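What follows is a set of notes on a single structure, which appears directly below.
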């Protein structure tokens with residue numbers, strides 16, 4: 001017996017309604033460091049910026065979206081409804097692991113829930129570490145790091161790099177330091193509120209000083225702490241004398257047993 005259109009059309013509407021009514025879903029492996037977008041299973045740290053990927057995370061009406069880590073509300077910094085998936089940017093609450101001392105190795109799983117359009121996702125277990133660094137790049141992953149001279153603010157990239165900023169290679173031994181923008185450096189000595197920044201004139205230094213490798217050579221770390229942007233840290237370094245030169249020298253951070261990806265780069269010269 002052939003089905004009539006009168007029978008088919010109501011079923012299509014029911015199926016469409018069922019799909020629309022589905023609650024938020026976080027993709028497996030869908031919580032990433034918001035600077036490096038490392039997909040190797042790297043954990044995330046308290047106070048760090050992260051990105052959450054999934055479906056039905058963002059209400060098409062533009063209504064507010066809620067994110068909790070271990071029941072604690074996370075500041076949401078951005079929402080994007082993209083082709084085939086959604087992205088939420090947020091800051092991991094500082095007190096998500098209140099008993100975890102700085103420098104503690106290993107990770108702890110905590111439930112993450114996204115609430116959108118009145119529906120909540122199934123709890124997703126995120127691995128939290130005391131520190132889990134990531135370097136910001138212009139491409140949100142591999143490529144040119146967001147690193148600039150502390151004196152002239154020029155990006156450490158080749159001259160005429162095509163970036164909409166002044167650029168030239170960072171110089172070996174420059175005492176004015178190179179500033180690297182990062183996230184996930186962990187606990188600071190002057191704590192800030194979730195979504196907050198240090199008070200004017202107050203420094204919030206990372207309790208554990210990160211190691212920085214330029215071309216696999218340790219640099220001198222002069223400062224590591226929070227900036228005036230929530231969840232964003234800066235690391236000031238002096239590049240060592242025996243560092244390799246070139247237009248795309250690898251830049252990495254090591255903390256808490258984690259080394260950032262090796263394809264974030266800067267330009268270095270003598």
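Every read-out reported here was derived from the displayed coordinates using simple, explicitly stated rules and does not represent laboratory data. Just so we're clear, the structure is a prediction, and the values are computed from it rather than from any experiment. Backbone-built Cβ (ideal geometry, glycine too); neighbour counts: all protein chains shown.
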What label, among (i) 20.1; (ii) 15.7; (iii) 18.2, belongs to mean projected area of the Cα convex hull in nm² computed from the structure on display?
-> (iii)
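For the chain, what does -39500 (n - 2.57) per DSSP helix run (n ≥ 4), summed and divided by total residues, give at 222 nm, in deg cm²/dmol to the nearest 500?
Working: 1 runs with 17 residues, N = 270.
Value at 222 nm, helices only: -2000 deg cm²/dmol.
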Cα centroids of segment 203-270 and segment 39-110: how far apart, whole angstrom?
-> 24 Å
Modelled label reach - residue 159, point 7 Å along Cα→Cβ, segment 234-270 residues with backbone N closer than 17 Å | 246-248, 267-270
Given R₀ = 30 Å, FRET efficiency for residue 27-residue 216 by Cβ-Cβ distance, to 0.05?
-> 0.35
Which order do the peptides 49-58, 222-231 take when ranked by the mean count of other beta-carbon atoms within 10 Å per residue, highest first?
-> 49-58, 222-231
So what is the relative contact order of segment 24-128, in percent, for Cα pairs below 8 Å that sit 6 or more residues apart?
-> 31 percent
Under the definition of Cα pairs under 8 Å and six or more residues apart, what whole-number percent is the relative contact order of segment 134-269?
-> 28 percent
